[in-house]
Amino acid sequence: ILNVEQSPQSLHVQEGDSTNFTCSFPSSNFYALHWYRWETAKSPEALFVMTLNGDEKKKGRISATLNTKEGYSYLYIKGSQPEDSATYLCASLVDAGGTSYGKLTFGQGTILTVHP
Amino acid sequence: DGGITQSPKYLFRKEGQNVTLSCEQNLNHDAMYWYRQDPGQGLRLIYYSQIVNDFQKGDIAEGYSVSREKKESFPLTVTSAQKNPTAFYLCASSIALTDTQYFGPGTRLTVL
């Protein structure tokens, strides 16, 4: 099983603060890196799917970068709002062939709380 | 509305009983997945299916079984062989194995 690590485990910020957190993943046989947002009492929803080294994606105030050579991705939130409060999950997809193909391995998540 | 439904939302069973969790999608997705979440842990893959009549074990398949007789449906049976079945179970689907996954609302199973 791949080891996907997220840090910090939890984060409290004030409304208007910008914040970022990290996802580390094994770089060998890398295929894709997924980011999901999971709000309380809702289903996880996809934010980004990233495949290329150096890739940067943006969705409103949220952006993500990817470094496949060193095995990390950063998620940034600019001007955090209370509605950004959620658990942010990253997941790594490898392409090592055989039975490992297509299996997402999730990190444990970063719990973000934005205080008004 | 297109989406994934899971039923029931909460499920209670006695120890030793098998129980089946439902997952249905109308997104016309080929791939479907079952995950388990325990406190403080990430989602762990139980089983996944790339296409109808095909499924593969995930990382924690012991004590679980699945079927994929229809494209829309991917039920998960938690058998009495599963040592610690109390958990939150999420179903997901995607167009293909490497694509964005879309998740259902989950079923919380408690074994008494």
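The values are calculated or read from the model by the stated rules, or taken from the named source; none is laboratory data. Only a predicted model underlies this, so the values are computations on that prediction, with no experimental measurement involved. We place every Cβ from the backbone using ideal geometry, glycine too, and count neighbours over all the protein chains shown. Note: areas computed on protein heavy atoms with side chains; ligands, DNA, RNA excluded. Shrake-Rupley method; radii C 1.70, N 1.55, O 1.52, S 1.80 Å.
Run down A:Leu75, A:Leu93 and say which single residue is at pLDDT 95 or above and within 13 Å of the chain's Cα centre (by Cα).
A:Leu75
Does A:Lys58 count as surrounded by fewer than 13 Cβ atoms within 10 Å (Cβ to Cβ) and either out of contact with any Ser or Thr (no Cβ under 9 Å at 6 or more places or on another chain) or not small (Gly, Ala, Ser) (or both)?
So A:Lys58 passes the test.
So B:Leu27 ticks every box in (1) at pLDDT below 95; (2) open to solvent by 40 Å² or more (accessible area, probe 1.4 Å); (3) more than 9 Å from chain A (Cβ to nearest Cβ) but one. Which box is left unticked?
Going through (1) at pLDDT below 95; (2) open to solvent by 40 Å² or more (accessible area, probe 1.4 Å); (3) more than 9 Å from chain A (Cβ to nearest Cβ) one by one, B:Leu27 breaks only (1).
Within region B:37-47, take every residue that is open to solvent by 10 Å² or more (accessible area, probe 1.4 Å) and part of a strand (DSSP E or B) and give me the one that is nearest to the other protein chains (Cβ to nearest Cβ).
Among residues in region B:37-47 that are open to solvent by 10 Å² or more (accessible area, probe 1.4 Å) and part of a strand (DSSP E or B), the one nearest to the other protein chains (Cβ to nearest Cβ) is B:Arg44.
Just to check your reading of the model, which residue among A:Tyr36, A:Tyr76 is part of a strand (DSSP E or B) and open to solvent by 50 Å² or more (accessible area, probe 1.4 Å)?
A:Tyr76
Among (1) within 14 Å of chain A (Cβ to nearest Cβ); (2) in contact with a Gly (Cβ under 8 Å, 6 or more places away or on another chain); (3) open to solvent by less than 20 Å² (accessible area, probe 1.4 Å), which single condition is B:Val78 missing?
(1)
Only one residue in A:Thr105, A:Thr110 is within 12 Å of chain B (Cβ to nearest Cβ), among the hydroxyl-bearing types (Ser, Thr, Tyr) and closer than 20 Å to B:Cys91 by Cβ. Which one?
A:Thr105
Looking for whichever is touching a Phe, Trp or Tyr at 6+ places or on another chain (Cβ under 8 Å), without any contact (Cβ under 8 Å) to a residue 12 or more places away in the chain and either open to solvent by 30 Å² or more (accessible area, probe 1.4 Å) or assigned to a loop (DSSP other than H, G, I, E, B) (or both) here; the options are B:Thr98, B:Thr110. Which one fits?
B:Thr98
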